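Novice: Structure incoming, see below.
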Amino acid sequence: MLYELKNCRDGSDATYKTTVDIRENNGILTFKFFAEHTEFYCPHHNYNDIHSEGDACEVLIGSDPERKFYYEIEISPENKVMCALMENKGDDENGVPILEINFVDEPFIESKVVRTDDSYEATVSFPKEKILSGDGEIYFNAYRLETDGGEMDKHLFALNPTMKPKFHRPSHFLWLKAFLK
């Protein structure tokens, strides 16, 4: 089904329309983003670079009942992917998430990007069993970053807004099964 992302900081309508289509077929999860208005800013060009330093779409997904361990999957408008098992150790004294990043060296994600003049469609697909980070139910959230060509004050969009300028807020993860109807 198709869902619209909102402004991550306050829950208002996104500055630039962004949707995500979420599906499962034979154990393969697919997240297909459509991102309108972009400058296609990509400062990094390799697998497991931190693509969220530029324009990107991403999914945080896992099954750890404590929501401390989950996967981060990013895709850039250049069809470059980053995949890491994250350990969320809470927030520092300034409210910034403390994250331990464990990059996944063996890619298990299929990806595709189709670009137009000022938008792109980014798709990531992966076996559901590969993102299990614990023995609980699968939870997730979906996001988009847009830098307007490299501006530091990024536009942040989320399926379930965190009401903060950061995505790594496990309390805002959603149950995947509610979106696979």
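Novice: When residues of region 10-27 are filtered for being farther than 27 Å from K164 by Cα and basic (K, R), how many remain?
Specialist: Residues meeting the conditions: 1.
Novice: Starting from region 20-33, take each residue that is polar (S, T, N, Q) and list its partners that are assigned to a strand (DSSP E or B), counting only C-beta distances under 7 angstrom and pairs at least six apart or across chains.
Specialist: As it stands, the answer is T30/R23; T30/T123; T30/S125, since those pairs meet every condition given.
Novice: Let me ask another. Give me a count of the residues in region 115-124 that are crowded, with 17+ Cβ neighbours inside 10 Å, out of contact with any His (no Cβ under 7 Å at 6 or more places or on another chain) and polar (S, T, N, Q).
Specialist: Summing the residues that are crowded, with 17+ Cβ neighbours inside 10 Å, out of contact with any His (no Cβ under 7 Å at 6 or more places or on another chain) and polar (S, T, N, Q) in region 115-124 gives 1.
Novice: Being among the small types (G, A, S), in contact with a helix residue (DSSP H, G or I) (Cβ under 9 Å, 6 or more places away or on another chain) and either at pLDDT 95 or above or farther than 19 Å from G54 by Cβ (or both) is the requirement here; does A122 meet it?
Specialist: For A122, the condition - among the small types (G, A, S), in contact with a helix residue (DSSP H, G or I) (Cβ under 9 Å, 6 or more places away or on another chain) and either at pLDDT 95 or above or farther than 19 Å from G54 by Cβ (or both) - is not met.
Novice: For K112, indicate whether it is under 16 Å from the mean Cα position of the chain (by Cα), basic (K, R) and surrounded by 15 or more Cβ atoms within 10 Å (Cβ to Cβ).
Specialist: Considered against the rule, which asks whether it is under 16 Å from the mean Cα position of the chain (by Cα), basic (K, R) and surrounded by 15 or more Cβ atoms within 10 Å (Cβ to Cβ), K112 comes out as no.
Novice: Considering only residues of region 72-90 that are under 17 Å from A158 (Cβ atoms) and within 14 Å of the chain's Cα centre (by Cα), which is surrounded by the fewest Cβ atoms within 10 Å (Cβ to Cβ)?
Specialist: M86
Novice: (1) assigned to a loop (DSSP other than H, G, I, E, B); (2) open to solvent by less than 40 Å² (accessible area, probe 1.4 Å); (3) closer than 18 Å to T30 by Cβ: which one isn't true of P107, the others all being true?
Specialist: Result: P107 fails condition (2) only.
Novice: Take the residues in region 83-97 that are in contact (Cβ under 8 Å) with a residue 12 or more places away in the chain and outside any strand (DSSP E or B); name whichever of them is nearest to V114 (Cα to Cα).
Specialist: V96
Novice: Quick check, is R67 modelled with pLDDT of 95 or more, open to solvent by 70 Å² or more (accessible area, probe 1.4 Å) and in contact with a Phe, Trp or Tyr (Cβ under 9 Å, 6 or more places away or on another chain)?
Specialist: no
Novice: Which of the residues that make up region 152-181 are of a type outside the set (D, E, K, R), part of a loop (DSSP other than H, G, I, E, B) and in contact with a Pro (Cβ under 9 Å, 6 or more places away or on another chain)?
Specialist: F167, H168
The values are calculated or read from the model by the stated rules, or taken from the named source; none is laboratory data. Because the structure is predicted, anything quoted here is derived from the model rather than measured. All Cβ positions, glycine included, derive from the backbone under ideal geometry; neighbour counts span all protein chains shown. Ligands, DNA and RNA are excluded from the accessible area calculation, which covers all protein heavy atoms including side chains. Shrake-Rupley method; radii C 1.70, N 1.55, O 1.52, S 1.80 Å.
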